[in-house]
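Heads up, the thing below is written out as structure tokens.
The values are calculated or read from the model by the stated rules, or taken from the named source; none is laboratory data. Everything numeric in this text was worked out from a predicted model, so none of it was measured. Note: ideal-geometry Cβ built from the backbone for every residue, glycine included; neighbour counts use all protein chains shown.
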Amino acid sequence: MSKEALAEDTAGMEKVFDRPKSLNNQQFSYCPGCHHGVINRLIAETIDELGIQDNTVGTAPVGCSVFLYKWFDIDVIQPAHGRVSAVATGVKRARPDLNVFAYQGDGDFASIGTNNSTHAANRGDNITVFFINNTLYGMTGGEMSPTTLLNQKTTTTPKGRKAKDFGPPIKMSEMLSALDGPTYITRQAVYDVKRIDQTKKAIKKAFRIQTEGKGYALVEILSACPINWGMDPVKANERIKEEVENVYPLGDILDRS
Amino acid sequence: MPRGKVSVHEERCKGCGLCIEACPQGVLSFSGDFNSSGYDYVTVDNPEDCVGCGFCGKVCPDVALTVYKKQKEGV
Amino acid sequence: MGEKKLMRGNEAIAEAAIRAGCRNYFAYPITPQAELLQWMANHMPEVENGTFLQAESEVGAISMVYGAASTGERTMTSSSSPGISLKQEGISYLAGSELPSVIVNIMRGGPGLGNIQPAQGDYFQSTKGGGHGDYQLIVLAPSTVPEAAELTFESFDLADKYRIPVMVLADGMIGQMMEPVELPSPIDPSNLPDKPWATTGTNGRDPNVIRSFALGAENLKSINLDLQEKYEKIRKREIRFEEIGVEDPDILLVAFGTVARIARTARRLGKKEGIDIGIFRPITLWPFPDERLAELSESLDTVLTVEMNAGQMVEDVRLSVKSRAQTPFYGEQGGVVPTPSEILEEVKHHV
Amino acid sequence: MEEYSTIVSGFGGQGVILTGKIIARSGMEEGLEVTWLPSYGPEMRGGTANCTAIISSKLIGSPVVNNPSSLIAFNEPSLDKFGASVREGGVIVLNSSLIEDHPEYGPTRVVPVSFNEIARQLENQKVINMVALGAWSHATEALSLEALQKGMKLTLEESGKGKFVEVNEKALEKGYAAAD
């Protein structure tokens, strides 16, 4: 549609949904139906709404989030696998005036980086952490991660994950909530409009906790990986609601804000 | 005159269909055509029914939609 | 320069770093560098914007360095051999992302847990990789406590100048011993030149990205070529060494760090017995002073390398000397420090 | 002066490390080159401790010595370990309170002083190391009593222990006199 035609069509109307300013025009390279895109957009919108685009630094590691720097219109640091929380701590300690967020997948946050994730939380570092839990390693080809559900088939658990071999799924948010350090820990999902709105609120709250200097906030977001789950995007959404949520219940787990 | 309008950025759309599922008014559908990336992109099928709720935009993982809504009278 | 103070090597290094404008220090305890960490814990909070954080692990510490260095602020970590091994992942990333930073290694005996005695077994690790990929660190090897302070102070300038991680490579003896040190006057880090590449929030400019990641072979190749070009510049400009009595000696002894100072005493003992020992001491282990060594070897019969390892730097010595002179090696291992008389005995086998 | 090296050795807690540091500090205040090298690590914890202090008018090469110019031995294991290594014409200052018999060391002069007895007279067992150091000063003449008093004072004051200067001064003097 031409600009003129669009203008005519939308005369007397207001834009109620558009691309946030903190994203540039680059197309995401995520797979169709992947929730990373929704979550990236929510973070960008929140940055816009809080007016912190100019002094926010994001950090995202290896995995599907490795390209974060390509589409966010903010400064971004790309560290080693698992080290995101420690890198965010380094940035924040050097420059407490910056807003720093860490964007980590479940392999990153809950497996190779557990040590770093845990201690950033326990120190109550004044950073905002997004933990995107899609129950497997997406980028490398759908291998088991520590958050893979029991009996879930992945490329490294072809017969399904068995507790006797790999233990049960790790519940990072609950685990970290046992600590005295963190300020806010919540688990959210983005499979429908209601959950998306709630996730947005949680993201905003998590950033506010940082801007107000109140400490460590973690937003875990259950995320779909339709390709590696072998499902179409609509079915993948249903899986979160019907299966994943049972193991990882939604809602605030800790709130000392 | 519809209460809302949705515009699809066809080249950004990856045809995941989540917006079709989310739209309460049945405004959107697959186009049956392919964009330059080879995706069957979404198109606006029933523009008259759009209420400008923005649900489609919210669930879209590729920020491929812009949504407009008629301003309330007297505002 | 201030007054002379009697300081332990670890403490002098820490204080020199603070005076060089280092404002972020992250580390994990390990012997024999613990006093460095302790000094930082006590004194970093005393300076404006000074950050001290004892990290959860060596891996955590080097990652915090990565984050803090991304903001352009002067940043350091320190450890000893096993801890430095753990940091190699982060060191490769720092090199790949061209982040100025300083890493101090107070070497101890290895491999594995080894022991806590002084050793020089990390020469290969420091100068020939350690982490993955084609990268170099500038590696500075002090042989006294005052020099450890001086080189640490300068390492921050070198790191900034070339956007490169710099390693100060000393051993447990230099870390633990005390000598009088005249520390340089503190600089004000807020007067340092801007780092336009740093991730400090966009504030209206285009976003900066810190990364070592490049998809596509051609992209990564070009990044690698740029790195190599930088390394070539450093090779041309930054080579440092010390020479003692290298004009026509009976034998030239090549040693770095602690061994070089022990060699000085061996030289003195040799004189009494009529043996003239010249000493060539590389101060930059990378870039290695190969040209000068090659030049000196033209007129020598024997270039003896002495190290506290099984023979690491000797490979660079041999590459430099080629067949112009004999290049025997004498080493002690496992934390054993060669004594002056032992070195002299070895010298006698070759003259 | 030529390089003058001293090994100080004893049980952990006898003030061995501080003794060596004060030699180095006093030498530095006299305008000499100095090094101080401790034994470190597990052996320090509960076991024996030793350190090497070198003073010299020239740049010091090796901070490690095989044959020290002098030894201060606080206990018998220390004498066993280092006694024979002291160079010809050197001096061994030993703690006769804890070392009853000692072998002859040929051309090495042995100066027995009762560190613990003298400290007891001063009603402070902690000063046995300054008794030793005073005796060392007299026996070796490597550094004067005044130089050591100055070095001790500065060292203690800088570590916030200024109130102990007086008793340590006395201990240095008593030790010095005892080595006569």
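Numbers at a glance
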| read-out | value |
| --- | --- |
| Sole residue being in contact with a strand residue (DSSP E or B) (Cβ under 7 Å, 6 or more places away or on another chain), more than 19 Å from residue C:75 (Cβ to Cβ) and either at pLDDT 90 or above or within 7 Å of another protein chain (Cβ to nearest Cβ) (or both), chosen from A:50, A:23, A:98 | A:23 |
| Flag for residue C:175 being within 13 Å of another protein chain (Cβ to nearest Cβ), closer than 23 Å to residue C:74 by Cα and touching a residue at least 40 places away in the same chain (Cβ under 8 Å) | yes |
| In the range C:77-120, the residues that are farther than 17 Å from residue C:136 by Cα, within 14 Å of chain A (Cβ to nearest Cβ) and touching a residue at least 40 places away in the same chain (Cβ under 8 Å) | C:77 |
| Looking only at the range C:198-210, and only at residues there that are surrounded by 15 or more Cβ atoms within 10 Å (Cβ to Cβ) and not aliphatic (A, V, I, L, M), the one that is nearest to residue C:101 (Cα to Cα) | C:199 |
| Lone unmet requirement of (1) under 28 Å from residue C:52 (Cα atoms); (2) of a type in the set (A, V, I, L, M); (3) touching a Ser or Thr at 6+ places or on another chain (Cβ under 8 Å); (4) surrounded by fewer than 24 Cβ atoms within 10 Å (Cβ to Cβ) for residue A:76 | (4) |
| Filtered residue count, the range D:22-35, keeping only those that are more than 7 Å from chain C (Cβ to nearest Cβ) and out of contact with any helix residue (DSSP H, G or I) (no Cβ under 6 Å at 6 or more places or on another chain) | 5 |
| Evaluation of residue C:190 against (1) assigned to a loop (DSSP other than H, G, I, E, B); (2) within 14 Å of chain A (Cβ to nearest Cβ); (3) on the phi < 0 side of the Ramachandran plot (one fails), failing number | (1) |
| Checking residue C:52 against (1) touching a helix residue (DSSP H, G or I) at 6+ places or on another chain (Cβ under 6 Å); (2) at pLDDT below 95; (3) within 13 Å of another protein chain (Cβ to nearest Cβ), the condition it does not meet | (2) |
| Residue within the range B:46-66 that is more than 10 Å from chain A (Cβ to nearest Cβ), in contact (Cβ under 8 Å) with a residue 40 or more places away in the chain and more than 14 Å from residue B:20 (Cβ to Cβ) present | yes |
| Unique residue being of a type outside the set (D, E, K, R), out of contact with any Gly (no Cβ under 7 Å at 6 or more places or on another chain) and surrounded by fewer than 24 Cβ atoms within 10 Å (Cβ to Cβ) when the list is D:85, D:69, D:9, D:62 | D:85 |
| Residue in the range C:215-231 that is within 22 Å of the chain's Cα centre (by Cα), within 12 Å of another protein chain (Cβ to nearest Cβ) and part of a loop (DSSP other than H, G, I, E, B) present | no |
| Subset of the range C:246-284 [in a loop (DSSP other than H, G, I, E, B) and not charged (D, E, K, R)] | C:246, C:249, C:255, C:256, C:274, C:275, C:283 |
| Considering residues of the range B:11-29 that are over 14 Å from residue B:66 (Cα atoms) and touching a residue at least 40 places away in the same chain (Cβ under 8 Å) only, the residue surrounded by the most Cβ atoms within 10 Å (Cβ to Cβ) | B:18 |
